[in-house]
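Asks: Once you've had a glance at the structure underneath, I'll fire off some questions.
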Amino acid sequence: MTDAKKDYDFHKESHTERMVINMGPSHPATHGTVRFFLKLDGEKIVHCETEIGYLHRGFEKHCENGSWTQAFPYTDRLNYNSAIQNNVAYAMTVEKLMGVADKMPERGVYIRTIMCEFARMADHYTNLGAAALELGALTAFIYFVEARELVWDIIESVCGARLTSNYIRIGGHASDLPENFKAHVKKVFATNRELYEDFDKLLTKNRIFLDRMRDTGSISVEEAIQYGFTGPCLRACGVEYDVRRAQPYLLYDQLDFDVPVGSTGDNFDRYLVRMEEIRQSMRIIEQAIETLPEGPINIADPAVRQPSKEGVNTVMEMMIFHFKNEIEGIQVPRGEAYFPTEGSNGEVGFYLVSDGGGKPYKCRVRPPCFAMTQAMGRMVEGAFLADLIPTFDMINLIGGECDR
Amino acid sequence: MPGKYIPVNREAEMTLWEKSYVPEIIRGLIVTASHFFPNFVGVFRAYFTGKTEKRKIMTIYYPEEKPFIPDAYRGRPVLVRNPDGRERCVACGLCEVACPPKCIFIIGAKRKDGTRYPASYNLDGSICIFCGLCEAACPEEAIVMSRQYENLAEYDRGLMLYDKESLLVPAEKLERRLQHIRKRMFGRCTY
Amino acid sequence: MFEYSYIPPAPLLPEILEMMLKIVFIFTMNMGFFAPVLGYVERKQSALMQDRIGANRADLFGVTAGGLLHIMTDAIKLLFKEDFIPRGADKLLHTIAPLIAVVPALIAFTVIPFGGTYVLWGHKVNLVIADLDMGILFIFAVTSLATYGGAIAGWASNNNWSLLGGVRVAAQMFSYEVAMGLSLVGVFMVFGSLRLTEIGMAQENFWHWGIFYQPLGFILFFACALAENKRVPFDVPEAESELIAGYFTEYSGLKFAMFWMAEFLEIVTIAAILTVLFFGGWNIPFVTLQSLVSFFGFLGDTGSQAAAMFLQVAVFWLKVGALIFLQMLIRWSLPRFRYDQVMNLGWKIILPLALLNIFLTGLFILAAN
């Protein structure tokens, strides 16, 4: 064995090139408008470059033009699968800036927790269903889409729209829960549990599915932390970090729920973590509904949250505040605040800077899937082309959130 | 706080019986077949006898069947017309300011008896995002989100710039929404 | 000198007429009935499995035949689509690739018997178009030709994605040819013949059905046949979410329809082969041809044979239908393999198991004698 043999580069000597293929923004698998430049050696990926920004709509700049309340419809459209969580994150940041966070009444806190968990369920249904679809199990996809439809029916009966909920306001909510909410939820959960069992039986122990998902797209714990992973992807690596437990907000320190943690950080662990989180969300909602108190849903301060119409039409101060808040926006004192919440993808936080007026001076959102998208190139290097698909699915890249 | 971090069940070791692909595949086929056969029988049953209970079909057969629209649904925004024929709107301009994409354009005027009214009220349906902030801002219950979700698309954007006449709807038709507003939106702001 | 066990007599007019009728029947059943109806069945079956209704809106003068008219609308739509050849593609190869894919699927049906032997008006009528004495090998030979269609289509499209699909097609179909052949050797050893009509006739007794003698062979052959047909879970060449549409990305219109039809025709062929080899062919369980003929004895000599013929042919197509249902069920339930797992399965798992099957069958035959 001479040294010449070790320096022999097959590709240089045989005058071959690696195939450069473009998995462009319009591709059945990139359901988030992302572009991958792949250099393939046969079927193995040698290099993968990610390009994002195809859904950039200028959210942060847009928020600076409207008042604090007018940003709510735009926060819906960030992570459009779990819109209410973005609403809640933004509202809680503003309330922290104003210093009224602890004045929230009980019922308001319960409603926020329940709706956040419904949004988490909808997002996980979408993500796991899409993963099944990309791997060829079309019936499993439809089952979870069915389950998601039922969850969206509940969200529609509360907020008025299935996806762009626009439900939370600063200091409270837009409207109250409908009547028969508890009965509706019970009915929906019965069907959802059946569909969940069907999906589980179809896929979780199926050897074909396991071969696709296990040991593909894995990342080590140190690298995950360096890239800034949060949420199910970080927990799949084995790190026990959930914002709901580390820095509790809303009702999470009083409710009894478990947080699933994986061990190896591959796609199968992410899948299992998300499946378990669906069940835990159902558990949280059932606990919260049992003890849902009656009472007001908004903070009792007309400078923060609009009063009732009888008040507006009869009491002078309330009418003044109503008109001022609508025309000039809610006056938020000078300062800056960041409030982390656990979105379905990871840690969603808003960093808001206020200069004392009715419009945000700066509104920056921390997108959880941005960190995971950075790591795509690292996770698929050396893997097959067909491994890119489940990896990309399980990091749950949502174009609206990553590109804002 | 109750609850803990639990490890997920990875099933790393599978028995030889499970490693061969067949048992789980058969289980999966039984799951889908258990959806197929009740639906299959149900099709014939529904065709011959008209009974549809046993079917698990989730599809709503639009446009013969319409979906259930809850009270809170935010459809197209409309102006409310009083029983005496006048619009309730007093052209205060709050909805114009509250609208995030700025799709409302109002020009106010005063009548001879001193009451205000909108001389022209234009709402651009192609910009409206159906968020409902105008309805929440209005102090007069003059603009509400109706339950209309059909017939909203046009071939020409100019046709989607609604003027006051095409926005006005009598108050009896909007009673359901007005009740929802009074009970669940504005009524819950009392403290 | 070769010894022929069956020397066909010189063809006369009745024989030619019978041959034409059989060809016309098979052609109509396959092209005219199964290929379009399978499209409908796939839609409706998948819809019922997924709690949906499926496509049923197309109507003719207000009559919706529960969605059957969608077959016509699909065909008309595909006919009228623009037929393009991408720039830089090889024109000749791009055009003939669909033909190479479709024709073997049609030809393979010529040796499959869809009924037994009956005596009509004094003539012995054998319900198979060509009673070759090496029937099943002919089928293998012909279906191997279909590999060319996919590989040529992948290469001739001047598209990176199609090339990946074409490479995968060639590799996958080539790997499963060997295993497919070997998994059926057990059946031939048990029944002692390669001629499909003899295998069918030997299964007249219910307990002699192939599935009881060769359960492992059935599973292996089923898996290999699914892989040859490029259906889920082996539809790696066509993987919709990875390669857009694999080797037929750049096809539209009637050429695309031909690829699509080739897939459906092969489903029928596979179901028919499975029926003949493992599920008793045209035989009704626990009923022999003699008892059927004597049951219909009141219709006269030819009449009773004809009635028995119709009944057995109907039973054959019923069994084929059930196996088609099973294939559709598998297609819509399972996820798909990764490319290297397909190769792994073919070479390292199915091939050794097929050899093991042959070994065990040999031991079993030795012990039975």
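The values are calculated or read from the model by the stated rules, or taken from the named source; none is laboratory data. All values reported here derive from a predicted model rather than from experimental measurement. Cβ coordinates were reconstructed from backbone atoms using ideal geometry, including for glycine residues, and neighbour counts include every protein chain displayed. Remember, those area values only see protein heavy atoms, side chains included, never the ligands or the DNA or RNA. Shrake-Rupley method; radii C 1.70, N 1.55, O 1.52, S 1.80 Å.
Asks: Mind checking whether some residue in the range A:369-385 is hydroxyl-bearing (Ser, Thr, Tyr), surrounded by fewer than 24 Cβ atoms within 10 Å (Cβ to Cβ) and in contact with a helix residue (DSSP H, G or I) (Cβ under 7 Å, 6 or more places away or on another chain)?
Replies: yes
Asks: Among the residues of the range C:88-129, what is the count of those that are assigned to a loop (DSSP other than H, G, I, E, B) and closer than 16 Å to C:Thr197 by Cβ?
Replies: So the count comes out to 8.
Asks: Looking at the range A:71-82, which of its residues are surrounded by fewer than 23 Cβ atoms within 10 Å (Cβ to Cβ) and without any contact (Cβ under 8 Å) to a residue 24 or more places away in the chain?
Replies: none
Asks: So which of B:Gly85, B:Gly125 ends up being of a type in the set (Gly, Ala, Ser) and on the phi > 0 side of the Ramachandran plot?
Replies: The unique qualifying residue is B:Gly85.
Asks: When only residues in the range A:251-265 that are in contact with a helix residue (DSSP H, G or I) (Cβ under 7 Å, 6 or more places away or on another chain) and farther than 18 Å from A:Cys116 by Cβ count, which is most open to solvent (accessible area, probe 1.4 Å)?
Replies: By that ranking, first place goes to A:Ser263.
Asks: If you check C:Gly165 against the conditions, is it over 21 Å from the mean Cα position of the chain (by Cα), modelled with pLDDT under 85 and surrounded by 24 or more Cβ atoms within 10 Å (Cβ to Cβ)?
Replies: For C:Gly165, the condition - over 21 Å from the mean Cα position of the chain (by Cα), modelled with pLDDT under 85 and surrounded by 24 or more Cβ atoms within 10 Å (Cβ to Cβ) - is met.
Asks: Output the residues belonging to the range A:279-306 that are β-branched (Val, Ile, Thr), more than 13 Å from chain B (Cβ to nearest Cβ) and open to solvent by less than 20 Å² (accessible area, probe 1.4 Å).
Replies: Residues satisfying the conditions are A:Ile285, A:Ile289.
Asks: Another question, then. Of everything in the range C:101-124, what is open to solvent by 50 Å² or more (accessible area, probe 1.4 Å) and either modelled with pLDDT of 80 or more or farther than 26 Å from C:Ala307 by Cβ (or both)? Give them in sequence order.
Replies: C:Val103, C:Ile107
Asks: Can you tell me how many residues within the range A:21-37 are in contact with a strand residue (DSSP E or B) (Cβ under 8 Å, 6 or more places away or on another chain), within 10 Å of another protein chain (Cβ to nearest Cβ) and farther than 15 Å from A:Leu55 by Cα?
Replies: So the count comes out to 4.
Asks: Determine if the range C:199-212 includes at least one residue that is outside any helix (DSSP H, G or I), open to solvent by less than 20 Å² (accessible area, probe 1.4 Å) and within 30 Å of C:Asn369 (Cβ to Cβ).
Replies: yes
Asks: Quick one: B:Asp156 ticks every box in (1) within 21 Å of B:Gly85 (Cβ to Cβ); (2) surrounded by fewer than 12 Cβ atoms within 10 Å (Cβ to Cβ) bar one, so which box is it?
Replies: Unmet for B:Asp156, out of (1) within 21 Å of B:Gly85 (Cβ to Cβ); (2) surrounded by fewer than 12 Cβ atoms within 10 Å (Cβ to Cβ): (1).
Residue-wise test of (1) farther than 20 Å from B:Thr59 by Cβ; (2) among the charged types (D, E, K, R); (3) in a loop (DSSP other than H, G, I, E, B).
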| site | (1), (2), (3) |
| --- | --- |
| C:Ala47 | no, no, no |
| C:Ile53 | no, no, yes |
| C:Ala58 | no, no, yes |
| C:Gly66 | no, no, yes |
| C:Ile71 | yes, no, no |
| C:Ile76 | yes, no, no |
| C:Leu79 | yes, no, no |
| C:Glu82 | yes, yes, yes |
| C:Pro86 | yes, no, yes |
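Asks: Within the range B:139-167, can you find the residues that are within 20 Å of the chain's Cα centre (by Cα) and either closer than 21 Å to A:Ala300 by Cα or in contact (Cβ under 8 Å) with a residue 60 or more places away in the chain (or both)?
Replies: Scanning the range B:139-167 gives B:Glu141, B:Ala142, B:Ile143, B:Val144, B:Met145, B:Ser146, B:Arg147, B:Gln148, B:Tyr149, B:Leu152, B:Leu167.
Asks: Look at the range A:307-346 and say how many of its residues are open to solvent by 20 Å² or more (accessible area, probe 1.4 Å) and either within 10 Å of chain B (Cβ to nearest Cβ) or over 21 Å from B:Arg182 (Cβ atoms) (or both).
Replies: Number of matching residues: 20.
Asks: Given (1) within 18 Å of B:Leu161 (Cβ to Cβ); (2) in contact with a Gly (Cβ under 8 Å, 6 or more places away or on another chain), where does B:Tyr117 come up short, assuming only one miss?
Replies: The one condition B:Tyr117 does not meet is (1).
Asks: Within the range C:169-188, can one find any residue that is within 14 Å of chain A (Cβ to nearest Cβ) and either open to solvent by 10 Å² or more (accessible area, probe 1.4 Å) or part of a loop (DSSP other than H, G, I, E, B) (or both)?
Replies: There is at least one residue in the range C:169-188 that is within 14 Å of chain A (Cβ to nearest Cβ) and either open to solvent by 10 Å² or more (accessible area, probe 1.4 Å) or part of a loop (DSSP other than H, G, I, E, B) (or both).
Asks: Could you check the range A:153-249 for helices (runs of 4 or more DSSP H) lying wholly inside it with 3 or more residues that are within 10 Å of chain B (Cβ to nearest Cβ) and open to solvent by 20 Å² or more (accessible area, probe 1.4 Å)?
Replies: Filter on the range A:153-249 gives A:181-203.
Asks: Of all the residues that make up the range B:61-92, how many are open to solvent by 80 Å² or more (accessible area, probe 1.4 Å), over 14 Å from the mean Cα position of the chain (by Cα) and within 27 Å of C:Ile53 (Cα to Cα)?
Replies: Looking only at that region, the number is 3.
Asks: It is to be established whether one or more residues within the range B:162-170 are open to solvent by less than 10 Å² (accessible area, probe 1.4 Å) and more than 14 Å from every other protein chain (Cβ to nearest Cβ).
Replies: yes
Asks: Right, here's the next one. Taking the stated definitions as given, is A:Tyr271 of a type in the set (Phe, Trp, Tyr) and closer than 30 Å to A:Ile330 by Cβ?
Replies: no
Asks: Follow-up. List pairs: first in the range A:99-119 and among the charged types (D, E, K, R), second surrounded by 20 or more Cβ atoms within 10 Å (Cβ to Cβ) and assigned to a helix (DSSP H, G or I), Cβ under 7 Å, 6+ apart or cross-chain?
Replies: Qualifying pairs under 7 Å: A:Arg112/A:Val88; A:Glu117/A:Ser281; A:Glu117/A:Ile284; A:Glu117/A:Ile285.
Asks: Take the residues in the range B:171-183 that are open to solvent by less than 50 Å² (accessible area, probe 1.4 Å) and within 14 Å of B:Pro77 (Cα to Cα); name whichever of them is farthest from the chain's Cα centre (by Cα).
Replies: Applying the filter and picking the extreme gives B:Ala171.
Asks: Could you go through the range C:248-255 and let me know if any residue there is part of a helix (DSSP H, G or I), in contact with a Gly (Cβ under 6 Å, 6 or more places away or on another chain) and modelled with pLDDT of 85 or more.
Replies: No: the range C:248-255 contains no residue that is part of a helix (DSSP H, G or I), in contact with a Gly (Cβ under 6 Å, 6 or more places away or on another chain) and modelled with pLDDT of 85 or more.
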